[in-house]
1. For mean projected area of the Cα convex hull in nm², pick the label among [x] 20.3; [y] 18.1; [z] 17.3 that corresponds to the value derived from the coordinates.
2. Give the order of Arg47, Arg142 when sorted by the count of other beta carbons within 10 angstrom, beginning with the fewest.
3. Quick check on the exposure proxy: order Ser96, Ser250 from fewest to most C-beta atoms within 10 angstrom.
4. Would you be so kind as to identify which of Pro144, Val65, Pro45 lies farthest towards the positive end of the dipole of segment 19-167, taking Lys and Arg as +1 and Asp and Glu as -1 on Cβ and the Cα centre as origin?
5. How many nm is it between the label spots at Ala197 and Ile106, if each spot is 7 Å from the Cα in line with the beta carbon?
6. Could you size up the charge dipole of segment 19-167 around its Cα centre, putting +1 on the beta carbon of Lys and Arg and -1 on that of Asp and Glu, and report it in debye to the nearest 20?
7. First measure r as the distance between the Cβ atoms of Lys170 and Phe75, then evaluate 1/(1 + (r/R0)^6) with R0 = 35 Å and state the FRET efficiency to the nearest 0.05.
8. Would you work out the charge dipole size for segment 137-235 about its Cα centre, treating the Cβ of every Lys and Arg as +1 and the Cβ of every Asp and Glu as -1, and quote it to the nearest 20 debye?
Amino acid sequence: MLSRKNKLLLFKLLSLFSVVRGYNILVITLAQYLASIYILAPETPLRKVIFDLNLFLIVTASALVIASGYIINNFYDAEKDLINKPTKSMLDRLVSQNFKLTTYFILNFLAVFAASYISFRAVLFFSAYIFGIWYYSHRLKRIPFLGNLVSATLAIAPFFVVFVYYHNFKTVIFVHALFLFLLILAREMIKDMESMAGDMAQNYRTIPIIYGPRTSKMLITFLVLLTLVPAFLLIKIFDVGYMYLYFAASIILLIVFLVLLWKAEGKKHYVWLHNILKFIIVAGVISILLINVDVVLNRIL
């Protein structure tokens, strides 16, 4: 049996994991490696990619900055989350705000330190990334649509830095990135629909609050229809191996999503819609393996 002190420590660790959304960071880390192996450097030997110190430092720095970003976002959204996510908010509050801020600065320092082993340009990039996340959390997220646009851009930044590292400028990479960007942007706008109660209480100027849910639904519908374009291109024009099955399934899910979107009337419905988009994004990470199912075996030998 755990003592009361040990139980409290365990809950605090769970709280910190919840604040930094460790599960999201694990998915992003996996996505960066899979994208490197299958999309960005498909001709590079597998071991060389996996044991590339610079790539490891890029992924590590990305994870540290993303974790710190979740912390500062949680810091600014503490009051809003009490309304929108009361259960999660109570768990998050087991860790004090001072401890969160201390952890935030430590993680950012470690990220820049890791980047310094790569190059000065990497230091500049991650420093700008840290500032961008802070400025978004502090000010930009309150600006309708611009906040959503910046949030989606920051979300794909970890993939941009890996893309630049490998100097792979093939068109298929941009089409993949566009598909992911539009999905994330649509998800950000669904999150605004989901959190209307807390946003109104904290005077956030989001699209559903200023222009109404119907306008938000129209914009989200437009974004989802745009997302279908790169999905069709990746099926019909580009060679993505068996990953075409993922894009075909995504198209079906996105059509179902649109039907449910226009029937949605409350927070519970918007949470389901948010989860559908999150599922498509996470499934896309795993589906990268379908680009070449034999690539691991062929490149190990």
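1. [z]
2. Ranked by crowding around the Cβ, least crowded first: Arg47, Arg142.
3. Ascending number of Cβ neighbours within 10 Å: Ser96, Ser250.
4. It is Pro144.
5. Here the modelled spin labels are 3.5 nm apart.
6. Using only the charged Cβ atoms, the result is roughly 220 debye.
7. Between Lys170 and Phe75 the formula returns 0.30.
8. 140 debye
Read the figures in this text as sums done on the coordinates, not as results from a lab. Predicted model, so just to flag it, every value in this text is computed and none were measured. Cβ coordinates were reconstructed from backbone atoms using ideal geometry, including for glycine residues, and neighbour counts include every protein chain displayed.
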